[in-house]
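One structure below.
The values are calculated or read from the model by the stated rules, or taken from the named source; none is laboratory data. Worth saying up front: this structure is predicted, and the values here are computed from it rather than measured. Note that each Cβ is placed from the backbone with ideal geometry, even for glycine, and that neighbours are counted across all protein chains shown.
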Amino acid sequence: MEPMRLYPKVIPAISSDVIRTLIQDEDVEIEAERIADAELDVAAIMKEYLAADERVNAATRETLERRGLDQSRFDHVKHELAAVRGFRMGEEGVEYIIRQMIECLLVSRNVQEVYADDPALREKIFQIFGKHLGVGDDAAAAANSSPNVP
């Protein structure tokens, strides 16, 4: 299965889709004048994930250079560094981002009320990720079986 690839250019579309879908389905209540800010809150989570990914990539490049390894070892070294740093990649990265989004919805001053439970939110947000990023069914099962603890 191909890993998730989150690109900066799709972040606004995902953020808008998440917020608008949850409002339309009456899973959350957000005042009209706060919708754009709620979308920015959700976008910030994905942007921070990409920034953390870039920090791991930079550390990986430095490690390869320091150890005298060639680029063919990049993925292996990146997985090692990501594990040490607690950074989740691929399908686990999707799960992490979704948990962060749910937590954001629960604490954001831009969201008046959250009516849906975590599993329902997780499923809807995951479907939106799938639509925009082509995330696989294995991650859907994992996202649905994840504990409700963010």
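The table below gives the values:
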quantity: Total residues in segment 93-108, condition touching a residue at least 60 places away in the same chain (Cβ under 8 Å) and over 8 Å from the mean Cα position of the chain (by Cα); calculated: 3
quantity: Residues within segment 46-62 that are within 22 Å of Ile19 (Cα to Cα) and touching an Asp or Glu at 6+ places or on another chain (Cβ under 9 Å), tallied; calculated: 0
quantity: Output for segment 76-90, where each listed residue is of a type outside the set (A, V, I, L, M, F, W, C) and either surrounded by fewer than 13 Cβ atoms within 10 Å (Cβ to Cβ) or in a helix (DSSP H, G or I) (or both); calculated: His76, Lys78, His79, Glu80, Arg85, Gly86, Gly90
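Yes or no, residue by residue, for (1) farther than 20 Å from Asp53 by Cβ; (2) modelled with pLDDT of 90 or more; (3) not small (Gly, Ala, Ser):
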{"position": "Arg67", "(1), (2), (3)": "yes, yes, yes"}
{"position": "Arg73", "(1), (2), (3)": "no, yes, yes"}
{"position": "Arg99", "(1), (2), (3)": "no, yes, yes"}
{"position": "Arg109", "(1), (2), (3)": "yes, yes, yes"}
{"position": "Gln127", "(1), (2), (3)": "yes, yes, yes"}
{"position": "Val135", "(1), (2), (3)": "no, no, yes"}
{"position": "Ala139", "(1), (2), (3)": "no, no, no"}
{"position": "Ala143", "(1), (2), (3)": "no, no, no"}
